[in-house]
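The values are calculated or read from the model by the stated rules, or taken from the named source; none is laboratory data. Just so you know, these numbers come straight off a predicted model, no measurement behind them. Here the Cβ positions follow ideal geometry from the backbone for every residue, glycine too, while neighbour counts run over all protein chains shown. Side chains included, ligands, DNA and RNA excluded: accessible areas come from the protein's heavy atoms. Shrake-Rupley method; radii C 1.70, N 1.55, O 1.52, S 1.80 Å.
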Amino acid sequence: MSVTAKDFDEKARGEFARFGTTRVRRGELLRHPVYTRFLHWSVAIFFILSLLTGFAIYSPWLFHWIAPLFGGGPRTRLLHPWFGLVFTVFFFFQFLNWFAPMAWTEADRRWTKRLRQYATNEEGPELEDVGFFNGGQKLYFWTIVVSAILFLITGVLMWFDDVVGRWIVAVSYVIHDLAALVMLAGFIIHVYEGTAHQPGTFRSMIDGTVTEDWARTHHPAWFRTATDSRKEAEKAQE
Ligand code: HEM
């Protein structure tokens, strides 16, 4: 990541701290600052709007109840590429924001080896080297990166279908729809993981904090780093 992008990201985090606060109480850790939460929910809102309008265009018969919500069929068709575009823009900033903690490491490779146990709920305690994000969260992130690029390229080609060749548009439809299916599957798993499956996770995207017990259980290596740096800061103040 270039120094300029990193500087931009830190400046944005600083600016956004003025618009909201994150209160970290005793026994809690800061997980997602205001800027991250703002980006996450903006991405989520425009993803869901794109998904809904996309469904209505894909199968007007099956999803006939969606188009009226957006002012009818033609308006839904008009809005879909704009929702998609705004989703891509917000996700681009999210990408800059999370690029560093989403880097793939040896610990993630070890995590993915237990994927089957995770899927069948047979996993034991989390591996000690799991950091801020685990291998599954990183896989989800990089899937969105690839899908967003595919959405953008194929979406623009379909938007300007009178300029490009017919077969390019036809191939774009297939890739666009396949990327949407992958994203939908990832989204369903993501919402389950972020809410029902791991209690205590959802609040990190609401008030920005998690309990120390949650951090120790799900992200042991991050827990150690976060508590060590807090102890050092407290020592420096004494
Ligand atoms: C609308 C329902 C959603 C809920 C309840 C939800 C919940 C959450 C929560 C609680 C986290 C923090 C996880 C942690 O700190 O360990 C998170 C992270 C994240 N969210 Fe969402 N989210 C939603 C929608 C979305 C959408 C639509 C996208 C993108 C298309 C998205 C992308 C991400 C990514 C990339 C992360 C970081 C990696 C991960 O935790 O998997 N989320 N989300």
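Among residues of the range 199-212 being near the ligand (Cβ under 9 Å from one of its atoms) and in a helix (DSSP H, G or I), the one that is nearest to residue 40 (Cα to Cα) is 205. Only residues that are part of a helix (DSSP H, G or I) and either within 15 Å of the ligand (Cβ to nearest atom) or closer than 28 Å to residue 43 by Cα (or both) were counted across the range 99-146, and they come to 20.
If you go through the range 93-110 one residue at a time, do you hit one that is among the hydrophobic types (A, V, I, L, M, F, W, C) and under 25 Å from residue 177 (Cβ atoms)? For the range 93-110, residues among the hydrophobic types (A, V, I, L, M, F, W, C) and under 25 Å from residue 177 (Cβ atoms): present. Counting only residues that are more than 30 Å from residue 226 (Cα to Cα) and outside any helix (DSSP H, G or I), the range 32-73 holds 10 of them. Restricting 207, 177 to residues that are among the charged types (D, E, K, R) and either closer than 30 Å to residue 20 by Cβ or surrounded by 17 or more Cβ atoms within 10 Å (Cβ to Cβ) (or both) narrows the list to 207. Conditions: (1) free of Cβ contacts under 8 Å to residues at least 60 places away in the same chain; (2) under 24 Å from residue 221 (Cα atoms). Residue 97 meets all but one. Number of the miss? Result: residue 97 passes all but (1).
Step by step: first the residues of the range 29-44, then only those that are more than 8 Å from the ligand (Cβ to nearest atom) and free of Cβ contacts under 8 Å to residues at least 60 places away in the same chain, then the one that is most open to solvent (accessible area, probe 1.4 Å). Which residue is that? Among them, the one singled out is 38. Quick one: how many residues across the range 46-75 are surrounded by 14 or more Cβ atoms within 10 Å (Cβ to Cβ), closer than 19 Å to residue 160 by Cβ and more than 16 Å from the ligand (Cβ to nearest atom)? Result for the range 46-75: 1.
When each of 215, 236, 196, 221 is tested for being at pLDDT below 95, closer than 24 Å to residue 123 by Cα and assigned to a helix (DSSP H, G or I), the lone residue that passes is 196.
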